[in-house]
1. Tell me the label-point distance for the pair Asn62, Asp84, using the 7 Å Cα-to-Cβ offset, in nm and rounded to one decimal.
2. Among all lysine pairs in the chain that are eight or more places apart or on different chains, how many have alpha carbons less than 19 angstrom apart?
3. May I ask for the net charge around Arg149, where only other residues with Cβ less than 14 Å from the Cβ of Arg149 are counted and Lys, Arg are +1 while Asp, Glu are -1?
4. Given the -39500 (n - 2.57) contribution per DSSP H run of 4+ residues, what per-residue ellipticity at 222 nm results for the chain, rounded to the nearest 500 deg cm²/dmol?
5. If R₀ is 22 angstrom, what is the calculated FRET efficiency for the pair Arg69 and Glu17, using the beta carbon separation as r and rounding to 0.05?
6. Count the net charge of all other residues whose Cβ sits under 14 Å from the Cβ of Lys75, scoring Lys and Arg as +1 and Asp and Glu as -1.
7. Which of these values of Rg/Rh (Cα atoms, Kirkwood Rh) was calculated from the structure shown: (i) 0.94; (ii) 1.14; (iii) 1.11?
8. Just subtract the alpha-carbon distance of Asp171 and Ala101 from 0.36 nm times their residue separation and send over the number in nm, one decimal.
Amino acid sequence: MRIVVTEFASLDGVMEEPRWTFQFKRGPDGDKFKYDELFASGALLLGRVTYQGFAAAWPNMNDDDFGQRMNTIPKYVVSSTLTDGEATWGETTVIRGDVAAEIARLKAQPGGDLLVEGSAQLVHTLVAHGLVDEYRLMVFPILLGHGKRVFPADLADPAPFTLVESRTAGDGVLMLTLQPAGKD
């Protein structure tokens, strides 16, 4: 499995609580970008906060293919506090313990992409352990100045990327597909 991180980000890298994206139209190309990545994935990999937010919202949005896919796709949630009894949104598996080792084991299994949405703390852990295979970023033309960022503030070493694809959609939303340099 590959780990694909997908995020809405401001020009300054903020991804926290992306309601600010609603002021921008992403257009049909932007919608297709999101649709294609969800349907190419075998499962979602989420942090607890994102999982709980999605689990509260998505069951009420089951009226189209996208909503149905969000509700039926298998989910893995990383949490030291979420109980199995609380992980009731569809087929959900809770990952506990050594997160990097558990996710590396999961990644070694066959199957479709593991799609990571939101989940800033989880993304930072994946980045720190070199577990991300691809980033799919929708960069919106706005500076926010504060909030959780896509990438950790401190990295042990520089992390170069290979640009796989870039294009614009809607109101100037830049859609980027990047891979860590050296990963194919």
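1. Those two pseudo-labels are separated by 2.4 nm.
2. 4
3. -4
4. -8000 deg cm²/dmol, from helical runs alone.
5. After rounding, the FRET efficiency stands at 0.45.
6. -3
7. Read-out from the structure maps to (i).
8. 21.2 nm
Every number here is computed from the coordinates shown, using simple stated rules; none is lab data. Predicted model, so just to flag it, every value in this text is computed and none were measured. Methodologically, a virtual Cβ is constructed for each residue, glycine included, from the backbone with ideal geometry; neighbour enumeration extends over all protein chains shown.
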